[in-house]
1. Where does chain B land on Rg(C-alpha)/(2.2 N^0.38 Å)?
2. For chain A, what does -39500 (n - 2.57) per DSSP helix run (n ≥ 4), summed and divided by total residues, give at 222 nm, in deg cm²/dmol to the nearest 500?
3. Where the centre of each part is set by its Cα atoms, how far does segment B:1-48 sit from segment B:63-78, in angstrom?
4. Counting only other chains, and only Cβ atoms inside 10 Å, what mean value do you get across the residues of B:48-57?
5. Determine the calculated [θ] at 222 nm for chain B from helices alone, applying -39500 (n - 2.57) to every DSSP H run no shorter than 4 residues and normalising by the residue count; nearest 500 deg cm²/dmol.
6. Can you run phi through the Karplus equation (6.51, -1.76, 1.60; θ = phi - 60°) for segment A:96-111 and list ³J(HN,Hα) in whole Hz, with x for Gly and Pro?
7. Over the Cα atoms of segment A:1-44, each weighted equally, I'd like the Debye log10 I(q)/I(0) at q = 0.15, 0.28, 0.29, 0.30 Å⁻¹, rounded to two decimals.
8. Sorted from fewest to most neighbouring beta carbons within 10 Å, what does the list A:Phe127, B:Phe93 look like?
Amino acid sequence: MLLSYRLPREPSGPRTTLWRRLKRLGVAQLSDGLVALPADSRTREALEWLADDVLAADGTAGLWVARPATVAQERELATGMAAARAAEYRDLAGACRAAAGTDPTDRTRTLRRLRGEWRAINRRDFFPPPEREVAAAALRQLAAVAAVETVAVSEVAP
Amino acid sequence: MRWATRAGVHIDRAACAWLIRRFLDPDAEFVFVTDRNEVPADATPFDMRGVELGHHGGDCSFETILRRYELTDPVLWRLAEIVHEADLDDARFDAPEAPGLDVVLRGLSMTGDDAHTLAVSGPVFDGLYEFHRRRLLLGREPA
């Protein structure tokens, strides 16, 4: 599924909003004004609404169902998307390890935030890289540390 | 009155259908189409590209309908936050109900047709509405 779009340079608001939304969807940027997502009913709908946003901001937009001409090209696209998610999972795992050493209140709060981030990355992860499991394990470990702490606190409580 | 929307109903369309039947048109009849050209001449389209009752300015269709029909019930606007997050997930609102509701609706679309999804999700939205109505009245979580 491809979205081709052109937006006026000014105002910059719609460009920024569009880019933020595309990023959240996990698109692959093929070139300037051309992004791709694996085709399914959800990705299609998401790109359709974004295309309408572009039109509403006096831009031009088109939706295309396209197929890479070679397997190599398809693989390159999937590899690129997987690598982008892998980097996000690595950051998440790093944040989990960093949070393990903080005080219990901060740790619980961070755990909640990181779980939300994990779900967000999952939603845009179409070609799960091995880093996904590493991040999942880091999250579980942080949850385990937080749980031990909670038990210890409730035991000393009157 | 007849109302038309895209087939393969998900959270925003299910919530809109509930909103329409409960607050705008008790006798609403819904038609599900795969293309905008199939919308019957006498039907009002919603949650479709290029129609008035669609996504506008970052709003989902549920929010658009509330605005368009000037529904100011604060409970409905709280539900709108949930529907918005379940549909668009852009962190505009804090709606912890959203991810669960999203999964339930996606699951329903796998086990039955659109009429079934509306039939099952209707009472779910009734319950959500009642919960948030009581929360608003009490000023805290109802029991």
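1. Against the compact-globule rule of thumb, the ratio is 1.01.
2. Helices in chain A give a 222 nm mean residue ellipticity of -23000 deg cm²/dmol.
3. So the separation of the two Cα centres works out to 17 Å.
4. 3
5. Roughly -16000 deg cm²/dmol at 222 nm, from the helical runs in chain B.
6. Working through the residues one at a time gives 4, 5, 5, 6, 4, x, 7, 6, x, 5, 4, 5, 4, 5, 5, 4 Hz.
7. -0.37, -1.08, -1.12, -1.16
8. In order of increasing Cβ crowding within 10 Å: B:Phe93, A:Phe127.
Just so you know, all these numbers are worked out from the coordinates, no wet-lab data involved. What you see is a predicted model, and the numbers here were worked out from it, not measured in a lab. Reconstructed Cβ throughout: ideal geometry from the backbone, glycine too, with neighbour counts over all protein chains shown.
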